[in-house]
Amino acid sequence: MEPKRLPPSLRTKSRYIVFEVISDGKVVFEDVQKAIWNSVAEWLGELGSSEARLWIVKNMYNDDKQIGIIKCSHDRVEHIRSSLAFVKIIGETHAIIRILGVSGTIKSASLKYVEAAKLPYAN
Amino acid sequence: MSYYDLHIHVKDSGGEDSVNDIISMASRIGLKGIGIVLHAEQPFGEFSDYKKRAEEKGIDLVSVALVQAKSVNEMQNLVSKARSKAEIVAVYGGDYDINRAACENPMVDILLHPEHGRLDSGLDHICVRSAADNNVAIEINFHELLESYRKRRIRIFAKMKQNILLCKKFGAKFLVTSGAVSKWDMRFGRELAALPFLMGIELGQSIESASTFPVELVRLNREKLAGKRWEGVVIHEDLTEFTKDEENEV
């Protein structure tokens, strides 16, 4: 038997941060994930990272646009935002992580920011 | 909201990238204005060319004179020379005497990283009270944190936090900058604004430290340089036009 899903009033509130990777060359999801986890663990520490309840959504990462979604606790958005600023290198290329927006549901995050975004350097 | 980053180095001031690269990256990450730092002794003649290039990309380029002095007298001489040619005058902090003299000088706009290379935070209540009286802003330099690790980063953050909490208590202004030496050190203002929030400042005020405050500082200094603003006196262009029209009618 599995535990029952908690009622909405008892579930922890989440926010979805949409980010874009600005880099010299193309970066793959695994490298982005590793860089973000390292940066968050280094800046917030193990205790702070556990409180942030960080989750990098794999199937929402768009390879062409280099845009992805991070799920985190609603009261730790600024902590994650500052952690992402500390990412300097992803894989072997210089990179900057720029936050496009924060949303309350993954659906609106995807509609508002991922689908609306242009391809990198497209005019 | 317009975000400004008023501390970016280029090749001429010890940075790695050219002004064009910096302008392209600023446009890419969404900044509305950037402050290019040049040493106070350097000529600012080429700035008008840079400004035109930046305007084509929709970036407001601000000239920032960096005053790096070994003594208080040297600092004050350089500040008075730089005041008439640059839009922003920033003093390189670190030494306590220079930090204090900069806070007491109304010609200074920004005191850069007062905690640089020190075991303490570099500022006390006297300095911060003077900074509040003389409208000198205290800088939170992101590059100091970005280029340090573990114990060093922890100590720098703690010193910055102490300075910012003193600013909050005495009503002194502070601003967040990237302190970038290459285009890859640049960050969007909203990301930088998260730092004062983590130091105990309210979110609204944190965001203002990277947006409204630098925009207002640049606007006021431009008016002063153009001769439209002195201490206690402001010339409103609209008002002069109105009175001219009235005179014509009479």
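The values are calculated or read from the model by the stated rules, or taken from the named source; none is laboratory data. What you see is a predicted model; the values in this text were computed from it and never measured. No Cβ is skipped: glycine too gets one built from the backbone with ideal geometry, and neighbour counts run over all protein chains shown. We work out accessible area using only protein heavy atoms, side chains counted, and drop any ligands, DNA or RNA first. Shrake-Rupley method; radii C 1.70, N 1.55, O 1.52, S 1.80 Å.
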*Which one is surrounded by the fewest Cβ atoms within 10 Å (Cβ to Cβ) among residues in segment B:157-177 that are under 15 Å from B:Gly94 (Cβ atoms) and away from chain A (no Cβ under 13 Å)?*
B:Lys159
*Within segment B:220-233, can one find any residue that is aromatic (Phe, Trp, Tyr), farther than 16 Å from B:Leu6 by Cα and away from chain A (no Cβ under 13 Å)?*
yes
*What tally of residues in segment A:80-96 results from selecting those that are facing chain B (nearest Cβ under 10 Å), open to solvent by 10 Å² or more (accessible area, probe 1.4 Å) and outside any helix (DSSP H, G or I)?*
5
*List the number of the failed condition for B:Ala26; all other conditions in (1) under 26 Å from B:Lys228 (Cα atoms); (2) part of a helix (DSSP H, G or I); (3) open to solvent by less than 10 Å² (accessible area, probe 1.4 Å) hold.*
(1)
_Filtered residue count, segment B:10-30, keeping only those that are touching a residue at least 60 places away in the same chain (Cβ under 8 Å) and at negative phi_ = 9
_Identity of the residue in segment B:191-219, small (Gly, Ala, Ser), at the interface with chain A (Cβ under 10 Å from one of its Cβ atoms) and touching a Ser or Thr at 6+ places or on another chain (Cβ under 7 Å), that ends up farthest from B:Ile59 (Cα to Cα)_ = B:Ala194
*Filter result (more than 18 Å from B:Ile88 (Cα to Cα), more than 14 Å from chain A (Cβ to nearest Cβ) and out of contact with any His (no Cβ under 6 Å at 6 or more places or on another chain)) within segment B:15-45*: B:Ser18, B:Asn20, B:Ile23
_Residue under question is A:Ala109, and the condition is that it be more than 14 Å from every other protein chain (Cβ to nearest Cβ) and touching a residue at least 12 places away in the same chain (Cβ under 8 Å); does it hold?_
yes
*asked:* Based on this model, can you work out whether B:Gly35 counts as in contact with a strand residue (DSSP E or B) (Cβ under 7 Å, 6 or more places away or on another chain) and either open to solvent by less than 50 Å² (accessible area, probe 1.4 Å) or touching a residue at least 12 places away in the same chain (Cβ under 8 Å) (or both)?
replied: yes
_Cβ-Cβ under 7 Å, sequence separation 6+ or interchain: first residue in segment A:30-50 and within 21 Å of A:His74 (Cβ to Cβ) and open to solvent by 20 Å² or more (accessible area, probe 1.4 Å), partner assigned to a helix (DSSP H, G or I) and hydroxyl-bearing (Ser, Thr, Tyr). Which pairs?_
A:Ala41/A:Ser49; A:Trp43/A:Ser82; A:Trp43/A:Ser83; A:Leu44/A:Ser83
*Evaluate segment A:83-93: report whether one residue or more is in contact with a Cys (Cβ under 6 Å, 6 or more places away or on another chain) and either within 30 Å of A:Pro8 (Cβ to Cβ) or not acidic (Asp, Glu) (or both).*
no
*Output the number of residues of segment A:100-116 satisfying the condition of being among the hydroxyl-bearing types (Ser, Thr, Tyr), open to solvent by 40 Å² or more (accessible area, probe 1.4 Å) and part of a helix (DSSP H, G or I).*
1
*Could you grab me the full set of residues in segment B:169-183 that are touching a helix residue (DSSP H, G or I) at 6+ places or on another chain (Cβ under 8 Å) and either part of a loop (DSSP other than H, G, I, E, B) or free of Cβ contacts under 8 Å to residues at least 60 places away in the same chain (or both)?*
B:Lys169, B:Phe170, B:Gly171, B:Ala172, B:Lys173, B:Phe174, B:Val176, B:Ser178, B:Gly179, B:Val181
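Here is a yes/no grid of residues against (1) open to solvent by 60 Å² or more (accessible area, probe 1.4 Å); (2) acidic (Asp, Glu); (3) modelled with pLDDT of 85 or more:
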position	(1), (2), (3)
B:Phe47	no, no, no
B:Lys57	yes, no, yes
B:Asn73	yes, no, yes
B:Leu78	no, no, yes
B:Ala82	no, no, yes
B:Val89	no, no, yes
*Could you please tell me which pairs satisfy a Cβ distance under 7 Å, a separation of 6+ or placement on different chains, a first residue in segment A:61-79 that is away from every other protein chain (no Cβ under 14 Å) and over 20 Å from A:Ala95 (Cα atoms), and a second residue that is of a type in the set (Phe, Trp, Tyr) and surrounded by fewer than 22 Cβ atoms within 10 Å (Cβ to Cβ)?*
A:Lys71/A:Trp55
